1. Being part of a loop (DSSP other than H, G, I, E, B), more than 33 Å from the chain's Cα centre (by Cα) and not charged (D, E, K, R) is the filter here, so list the residues in the range 1-60 that pass it.
2. Specify the residue that is surrounded by the most Cβ atoms within 10 Å (Cβ to Cβ); the eligible residues are those in the range 154-194 that are of a type outside the set (D, E, K, R) and not in a helix (DSSP H, G or I).
3. Find the residue count for the range 98-110, including only residues that are without any contact (Cβ under 8 Å) to a residue 24 or more places away in the chain and either part of a loop (DSSP other than H, G, I, E, B) or more than 20 Å from R74 (Cα to Cα) (or both).
4. May I ask you to list pairs of residues, at least six apart or on different chains, whose Cβ atoms are under 6 Å apart, with the first in the range 195-214 being open to solvent by 10 Å² or more (accessible area, probe 1.4 Å) and the second being of a type in the set (A, V, I, L, M) and in a loop (DSSP other than H, G, I, E, B)?
5. Among (1) out of contact with any helix residue (DSSP H, G or I) (no Cβ under 7 Å at 6 or more places or on another chain); (2) surrounded by 14 or more Cβ atoms within 10 Å (Cβ to Cβ), which single condition is D90 missing?
6. Against the condition exposed (fewer than 12 other Cβ atoms within 10 Å of the Cβ) and either under 17 Å from I110 (Cα atoms) or touching a strand residue (DSSP E or B) at 6+ places or on another chain (Cβ under 7 Å) (or both), how does V73 come out, does it pass?
7. Does L113 count as part of a helix (DSSP H, G or I), of a type outside the set (D, E, K, R) and open to solvent by less than 70 Å² (accessible area, probe 1.4 Å)?
8. Output the residues belonging to the range 221-245 that are open to solvent by 30 Å² or more (accessible area, probe 1.4 Å), more than 17 Å from F210 (Cα to Cα) and not aromatic (F, W, Y).
Amino acid sequence: MTDKLPSLDRNDPKLIIDALKEYGCRGKLSDLQSVLGLLKHPNDEVKNAATKAASNLIKENLISYYNDLTNDVRSKLGLLLQSLDPRIIDEISVDLFGESNERRLRAIQILGLLKKNPRIREILVNLIKDRNEKVRATAIGLLGKVVGPNDQDLILSLLNDPDKRVRANTVEALESLGNKRLIPILLRFRKDGNNRIRGNIIKALFNLGFTDIEPDLIEMINTPNDLMKASALWVISQIGHASPHIEDAAGRAFLSENEMVIRNAKNALNKLGTPRALGYLRYLEMAAAKTGEGTE
């Protein structure tokens, strides 16, 4: 059982400071208000200790319980963290480049709450070169949200990263920038051999304004590779781009024996929602019912 934290209601500043150190390490978010109350203490050393304790308490709870907190709570804690300690990036860096991969990933997520800090871009540039694939992938996902119009070359260089997950996340980051001038560069990768990357490329192209994607989707659906089929159908379900040829290809994919392809084909046809697409769904579902196979 965890030892009870000492009381902060003391007269001796030294005892208060000693107690604050423990709150910074073991305190819960429910203790935060009490710690913040000491920011108005007449003793400067106590105020400094309270600032450090509150910052560390927030950081530790974000790392430990990030997924349990709502987006609103995370955002508020991030803003408070920045206002309390402009040097919090130095504290987070200890975890960013530490030995625990779990804490490293959580620390990167905390960076996303500190978008206004000018050092974040510099740190992410180092993290996207990290040996750990998950760290690189998480960093590039965040980088896409914080880069400015002059940082695109940095992300583009990652399209040739040896890790497929990093490359796929890079495409998503480029799409989020919304810059149509990226279309010619993305077109170079429209035939990528990885299904997720290729699907992300086509989706990004479409959302950036390049709508001539039908040949790519048809080619992917007609390939014998089920993962490639499934990714193409996923793209259709995301963008809802309809044409008779795409509807026919999705209808044929519904006859696949692969469960993921069948599921994605159904989602794609439902997303298209045209009389032709819905007709395929009704016909194929009735045919499956007659054979007793059923559909998902």
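The values are calculated or read from the model by the stated rules, or taken from the named source; none is laboratory data. Nothing here was measured: the structure is a model prediction, and the numbers come from that model. Neighbour counts are summed over all protein chains in view; Cβ atoms, including those assigned to glycine, are modelled from backbone coordinates with ideal geometry. Each accessible area value is taken on the protein alone, full model and side chains, heavy atoms only, with ligands, DNA and RNA left out. Shrake-Rupley method; radii C 1.70, N 1.55, O 1.52, S 1.80 Å.
1. M1, T2, L5, P6, S7, L8, N11, H41, P42, N43 - these are the residues of the range 1-60 that are part of a loop (DSSP other than H, G, I, E, B), more than 33 Å from the chain's Cα centre (by Cα) and not charged (D, E, K, R).
2. F189
3. 3
4. F206/I213
5. Exception for D90: condition (2).
6. Values: exposed (fewer than 12 other Cβ atoms within 10 Å of the Cβ): no; either under 17 Å from I110 (Cα atoms) or touching a strand residue (DSSP E or B) at 6+ places or on another chain (Cβ under 7 Å) (or both): yes.
No, not satisfied.
7. no
8. If the condition is that a residue be open to solvent by 30 Å² or more (accessible area, probe 1.4 Å), more than 17 Å from F210 (Cα to Cα) and not aromatic (F, W, Y), then N222, T223, P224, N225, D226, L227, K229, P244, H245 are the ones that fit.
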